[in-house]
Amino acid sequence: MNITEINNDNLAAFSPFLTEEIKKAILDGPDVVAFGAYDDEEDNVALGVIVGDAGEYSMRIRYLYVEESRRREGIGTYLLDWLSQYCLMYEIEMFTAEYPDSEEYADIEDFFNDGGFSKEENPVREYSMRIGDVRKLKMFSDIDSFKPGPQIQSFSQMRRAVLNSFSGERFRRGDTCLYELLSEKLIDEDLSFAYVEDNSILAVMAASVDGNDVTVEWAYSDPQKYAVLLPTIKAFAANISPKVGNDAVMHIMGMTEAADGLIEGLFKDSISETVKWTTRMLDF
């Protein structure tokens with residue numbers, strides 16, 4: 001077995017293991033590091049991948065996948081060791097990782113347990129709902145005829161200077177999420193909307209699409225003008241269905257108790273699953 005850094009030249013070999021979002025991150029993300037394992041004794045067949053976001057002091061393990069038939073052979077540990085060497089080279093002191101606390105991620109849970117990662121409290125909850133069920137809610141009863149006002153604009157339509165200025169302002173306040181989504185080109189700008197008034201952004205729904213999954217990556221409302229969030233959500237909902245269909249699943253992250261209350265209050269019985277997330281950390 002051998003390891004190689006994944007880049008544009010060899011991305012196709014590892015492509016079956018990667019989501020479209022992760023592929024974009026590898027190609028466009030300025031701080032994204034990716035390694036792939038391959039069997040150099042069996043026609044260099046791909047075995048697994050690990051992808052991390054490098055920060056000043058920590059490396060966030062963003063994605064880890066090992067070919068199902070080759071699991072429990074130490075491939076994931078070998079990939080982690082290579083990422084560790086990268087961290088040591090650049091004086092990065094900590095690994096972090098986040099993932100849903102569900103049976104689907106049982107192998108990941110075991111992997112981090114075996115690796116000595118601590119388990120930290122994580123307030124994030126992921127809500128899943130079918131688009132068709134969302135559209136049946138009373139507040140979306142007029143969705144098919146809904147015409148957003150000129151204040152509601154998709155990211156692809158609005159003035160870039162306004163969006164960049166707002167993103168920079170949030171970054172300076174410590175909220176780096178939107179800045180990272182834009183810089184790494186991870187969102188669908190036709191399905192991401194903002195409520196703009198006098199060149200100021202008052203509400204945002206920023207989303208990505210991966211196959212039949214739609215993820216609201218970041219939502220925002222000016223704390224003094226919560227009312228503008230609802231028409232922004234409606235504009236978002238009205239544009240999802242034609243693009244991905246009513247059977248597509250939408251995921252929304254709740255980061256705080258207030259956000260959880262808002263999501264549960266808005267989407268009610270359309271929520272089909274709620275999963276708490278887990279944080280793992282390792283100092284080295």
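Laboratory data are not the source of any read-out in this text; all were calculated from the coordinates shown. It should be emphasised that the depicted structure is a prediction, and the values quoted were computed from it without experimental measurement. Heads up, the Cβs are rebuilt from the backbone with ideal geometry, glycines too, and the neighbour counts pull from every protein chain shown.
Principal axis extents for the stretch 181-284, Cα atoms only, whole Å, descending order, please.
So the extents along the principal axes, rounded to whole Å, are 48, 33, 33.
What net charge is computed for the residues neighbouring Asn113, neighbours being all others with C-beta under 10 Å from the C-beta of Asn113, Lys and Arg scored +1, Asp and Glu -1?
Summing Lys/Arg as +1 and Asp/Glu as -1 gives -1.
Specify the inter-centroid distance of the stretch 208-235 and the stretch 145-165, based on alpha-carbon positions, in whole Å.
The distance from the Cα centre of the stretch 208-235 to that of the stretch 145-165 comes to 13 Å.
Aspartates and glutamates within cross-link reach of Lys268: Cα-Cα under 16 Å, excluding same-chain residues under 8 positions apart?
Glu126, Asp133, Glu257, Asp260
What would the Debye formula give as log10 I(q)/I(0) at q = 0.12, 0.26 Å⁻¹ for the alpha-carbon point model of the stretch 2-92, no solvent?
-0.33, -1.45
Which of the GluC sites (Glu not before Pro) found in the stretch 1-69 are in a DSSP loop and have at most 11 neighbouring Cβ atoms, other than their own, within 10 Å?
Glu41, Glu42, Glu56
List the lysines whose Cα lies under 25 Å from the Cα of Lys185, skipping any in the same chain that are fewer than 8 positions away.
In chain and number order, the partners are Lys23, Lys24, Lys234, Lys243.
In Å, the Kirkwood hydrodynamic radius of the stretch 155-240 over pairs of distinct alpha carbons?
13.0 Å
When Lys and Arg each count +1 and Asp and Glu each count -1, what net charge do the other residues less than 10 Å away from Glu93, Cβ to Cβ, add up to?
Computed value for this residue: -3.
Report the FRET efficiency, 1/(1 + (r/R0)^6), for Arg173 and Met281, where r is their Cβ-Cβ distance and R0 is 30 Å, rounded to 0.05.
With R0 = 30 Å, the Cβ-Cβ based efficiency is 0.75.
Below 11 angstrom from the Cβ of Gly211, what's the summed charge of the other residues (Lys, Arg +1; Asp, Glu -1)?
Here the charged neighbours net out to -4.
As an exercise, identify the chymotrypsin sites (Phe, Trp or Tyr not before Pro) in the stretch 104-171 lying in DSSP coil whose Cβ has no more than 15 other Cβ atoms within 10 Å.
Phe146
Using only the Cα atoms of the chain, construct the convex hull and provide its projected area averaged over every direction, in square nanometres to one decimal.
Averaging across all directions leaves 16.0 nm² for the Cα convex hull.
What number in nm² do you get for the stretch 32-133 if you take the convex hull of its Cα atoms and divide its surface by four?
Approximately 9.0 nm², given one-decimal rounding.
Restrict the search to the stretch 73-177; then list the trypsin sites (Lys or Arg not before Pro) that DSSP places in a loop and that have at most 12 other Cβ atoms within 10 Å of their Cβ.
Filter output for the stretch 73-177: Arg159, Arg173.
Can you tell me which lysines have their Cα less than 16 Å from the Cα of Lys119? Leave out same-chain residues fewer than eight positions away.
Lys276
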